[in-house]
Amino acid sequence: MVRPSRSYRVFQGVNGVVLTLVVLVTLYPFANIVARSFSGERQIRAGEVTLWPKGFNLTTYRIVFQDSMFWRNYGNTVFYTVVSTAVAMVLTTCYAYVLSKKNLKGRGVLVGIAVFTMFFTGGLIPNYILVTELGLKNSVWAIALPNAISVFNLLVMKAFFESLPAELEEAAQIDGLSTYGILFRVVLPLSKAVVATMVLFYTVSFWNSWFSAFLYLDQSDLMPVTVYLRNLIAGATGGGNAGAGTAELSQVGASIQAVTIVLTALPIICVYPFVQRFFVSGVMLGAVKG
C-alpha cells in the first residue's frame, strides 16, 4: 500500500479543520435557538444564552402546546405539504420523462419554455389576479399549483432519465408495454434515488413556504404553521392566550420565536436521515452524464 505523500496529508488535515469549522458555524445558530427555547426570560434578555440553556424553563412550550390554533395550523402544514409534494412530483416526473426523449418533436420548445420561467415571471400582481380569477383562493390549490414545477428539479430529473440505457425501454416496448407501462414498471423503479431526492426538495420547500399562504389564504384557520410563526415574529398574534399570568407572558415574549422555530423545523429534521442516503446519489446521477 502506497503511503500518502506529506503534502496530501497536510491537505487532508487542513481540509478536515476547515470542514469542522464550517459544520460548527452552521450548527451554532440552531443550537442557540434550541438553547433559548429552554431558557428563562432573564437569561434570554441579558444575552447569556449561547449553546446551553440557562434558567431552564418549559413555560413557553406548555403554552404553545395549549394553543389550539398552533395545532390547527400545524395540521394544515402537513396537509398542504403532502398534497403539494404529490402534485409536484407527478407533474415534474411526467414533464421530465417527456423531455428526456431526444426524438420528441418540439422538445427544444418545451425545454425553452421551462428554462424561460427560471429568469422571467409574470410578477406578483398578475399571479395574484390569475389565482383569484381561477377561484383558487382559500384552498390548497393556491399553494400547490403555482409552485408545482421547480425547473431545477425538472432539469435534474430530465438528465437522470437521459442517463438510463435506451435498450431497457426498447426491450420493454418489444415485450408489449405501453409508454405509461414503461414509465411505471421500468423507469421509475430504477429512479428511486432521484425520486427520493426530489421528494425531499419539494417537501422542504413546501413545508418552509409561507408567502403563498400569506398571500392567497384569508382565514386564520387555513393558515400553515409558518404563517403562524411569521405572525408571532411580527407581533401580530400572541402565543400566551391560554390564561397565562404576567410572568408567563413575559417568558413567552422572550422565547416564543425560538420555541416555534424548533417545533416547525423538528419534523423535517426527523425525516431527513431516512432519505439522506438517496440525496447525494440522486443529485449526482441526475447531474453527471457519462
Rounded to the nearest 20 Debye, what is the dipole magnitude of the stretch 1-57 about its Cα centre when Lys and Arg each give +1 and Asp and Glu each give -1 at the C-beta? 240
Mean-square fluctuation maximum in Gaussian network of the chain, Cα pairs under 10 Å, restricted to Phe119, Phe152, Phe184, hits Phe119
Using a Gaussian network model of the chain whose springs link C-alpha atoms within less than 10 Å, name the residue from Leu130, Leu155, Leu200 with the highest mean-square fluctuation. Leu130
So, counting K/R as plus one and D/E as minus one, what does the shell of residues with Cβ under 13 Å around Ala46 add up to? +2
Could you give the size of the charge dipole of the chain about its Cα centre, using +1 on the Cβ of each K and R and -1 on the Cβ of each D and E, expressed in debye and rounded to the nearest 20? 860
Summing Lys, Arg as +1 and Asp, Glu as -1, what charge do residues with Cβ under 13 Å from the Cβ of Leu177 carry, Leu177 excluded? -2
In nm, the gap between the two label points placed 7 Å beyond Cα toward Cβ at Cys270 and Phe56 is 2.2
Work from the charge dipole of the chain (Cβ charges, +1 for Lys and Arg, -1 for Asp and Glu, about the Cα centre) and give the residue of Ser250, Ala144, Leu24 farthest towards its positive end. Leu24
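Just so you know, all these numbers are worked out from the coordinates, no wet-lab data involved. Quantities reported herein were computed from a predicted structural model and do not represent experimental measurements. Every residue, glycine as well, gets a Cβ built from its backbone with ideal geometry; the counts of neighbours run over all protein chains shown.
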